[in-house]
Amino acid sequence: MDERYKKALKAAEYIRTRINANPEIGVVLGSGLGIFADRFKETVEIEYKDIPGFPVSTVKGHAGKLICGSTGNKTVLAMKGRFHYYEGYDVSRVVFYVWVFRLLGINNLLITNAAGGINKEFKPGDLMLIRDHISFFAPSPLRGENLNEFGERFPDMTEVYSRKLIELARKVARELHIDIKEGVYAFTQGPMYETPAEIRALEVLGADAVGMSTVPETIAAKHAGMNILGISCITNMAAGILDKPLNHEEVVSAAKESEHKFSSLVAGIIERWE
Ligand code: HPA
């Protein structure tokens, strides 16, 4: 059996011994977007370091725990803190949790992140539904022998982000009077922010926002046949758009400012997720 699969099975088995529920939706809470999990009822928390084979997050502002709980009549398994390629993990480690989720029977993934805005109609604090992504600069998590247990060798990427879920998210945002943007998210490896020239290049390629996460995971999730919704919190304008340097503290504090709006939106979406 493939090592990656074997490890994921072990991690899933352990998580099953800790939660006596069958979560239907996996949620990934990005930088400074953690309060959503405070809404959960009947929570079980599992630290990543206790899960066999799980990587441990090293970024400030990223707690490292899985939280299982219920909200809006759905059972949700949330990742509070994720693994980034720039932390030094092999990309198959970055997406490891996606395989574990799949083995736990989770078929739905709501993934969030903080991102820099490239589209000049955006402003910091905006939320953006990810319509598509650009992964040219991301190493593929599917590289190597295909994990046939999850999906096929050459998976289609025509609709990574479910149109049906985007439509649902739009509707929920309208009802909650939350202004919501939509666009293409481009992945960069990080940890350095982009140069202004790189941002101009990404703009030409059709990107509306840029960030250092999410894309490896959604590729693995799509390969495994999951329904995916991605939401970015635009924490800053990307390099060179405004005449000022970027820094991580600003990204985290801008994400925190949008935390309540974001959390209501995610809760509303989950409640009506089918
Ligand atoms: N670039 C890359 N990643 C980011 C940014 C950015 O401007 N903002 C938040 N995450």
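What residues qualify as long-range amide H neighbours of Gly230, i.e. H under 5 Å apart, gap of 5 or more or another chain, H built at 1.01 Å from N?
Residues meeting the criterion, in which the H sits 1.01 Å from N, are Ile111, Ile130.
What is the set of long-range amide H partners of Asn108 at a cut-off below 5 Å, with H atoms built 1.01 Å from backbone N?
HN-HN under 5 Å from Asn108: Gly26, Asn227.
Find the accessible area per residue for the chain; the probe is 1.4 Å, ligands and nucleic acids are left out, and the unit is Å².
Per residue, the chain has 44 Å² of solvent-accessible surface.
Based on alpha-carbon atoms only, what is the radius of gyration of region 11-169 relative to the globular estimate 2.2 N^0.38 Å?
For region 11-169, the normalised Cα radius of gyration is 1.07.
How big is region 120-268 by the Kirkwood estimate over distinct Cα pairs, in Å?
Mean inverse Cα-Cα distance, inverted, gives 16.4 Å.
Heavy atoms of the protein only, probe of 1.4 Å, neighbouring chains included. What is the accessible area of Lys181 in Å², nearest 10?
Answer for Lys181: close to 40 Å² accessible.
Which ³J(HN,Hα) values, rounded to whole Hz and listed in residue order, are derived for region 151-158 from phi using the Karplus coefficients 6.51, -1.76 and 1.60 in 6.51 cos²θ - 1.76 cosθ + 1.60 with θ = phi - 60°, glycine and proline given as x?
x, 8, 4, 10, x, 6, 10, 5
In Å and from the alpha-carbon atoms only, list the Rg and Dmax of region 68-135.
So, for region 68-135, Rg and Dmax equal 14.9, 41 Å respectively.
Using a 1.4 Å probe on the protein heavy atoms, what percent of the accessible area of region 1-154 belongs to carbon and sulfur?
46
Residues of region 226-240 with backbone nitrogen within less than 17 Å of a virtual label 7 Å along the Cα-to-Cβ line of Arg163, please, listed as ranges.
From region 226-240, the list is 227-230.
Please build a GNM for the chain, connecting alpha carbons under 10 Å apart, and tell me which residue among Ser213, Ser253, Ser232 fluctuates the most.
Ser253
What is the percent of Cα-Cα separations in the chain that go past 31 Å?
The share of Cα pairs beyond 31 Å in the chain comes to 20 percent.
Calculate, in whole percent, how much of the Cα-Cα pair population of region 1-59 lies beyond 19 Å.
41
Compute the normalised compactness of region 117-175: alpha-carbon radius of gyration over 2.2 N^0.38 Å, N being the residue count.
Dividing the Cα radius of gyration by 2.2 N^0.38 Å gives 1.53.
For region 72-87, take each phi angle, set θ = phi - 60°, evaluate the Karplus expression 6.51 cos²θ - 1.76 cosθ + 1.60, and give the result in whole Hz per residue in order, putting x for glycine and proline.
Couplings: x, 6, 10, 9, 10, 10, 10, 9, 9, x, 10, 10, 10, 4, 5, 6 Hz.
Calculate for the chain the 222 nm mean residue ellipticity that helices alone would give, adding -39,500 (n - 2.57) per DSSP H run of length 4 or more and normalising by residue count, nearest 500 deg cm²/dmol.
-9000 deg cm²/dmol
With Cβ to Cβ distances under 9 Å as the rule, what net charge do the other residues near Thr188 carry (K, R +1; D, E -1)?
In short, -2.
Rank Leu109, Leu77, Leu168 by mean-square fluctuation in a GNM of the chain with C-alpha springs under 10 angstrom and give only the top-ranked residue.
Leu168
Ordered by residue, what ³J(HN,Hα) values in Hz, to whole numbers, does region 219-229 give under the Karplus form 6.51 cos²θ - 1.76 cosθ + 1.60, where θ = phi - 60° and Gly and Pro are x?
5, 4, 5, 5, 4, 8, x, 7, 8, 10, 10
Which of the trypsin sites (Lys or Arg not before Pro) across region 133-179 are loop residues per DSSP, with 15 or fewer other Cβ within 10 Å?
Hits after loop and neighbour filter: Arg143, Arg153.
The values are calculated or read from the model by the stated rules, or taken from the named source; none is laboratory data. Keep in mind the model is a prediction, meaning the values are calculated, not measured. As a convention, Cβ positions derive from the backbone with ideal geometry for all residues, glycine included, and neighbour counts pool all protein chains shown. For the accessible areas, the whole protein counts, side chains as well, though only heavy atoms, and no ligand, DNA or RNA atoms are used. Shrake-Rupley method; radii C 1.70, N 1.55, O 1.52, S 1.80 Å.
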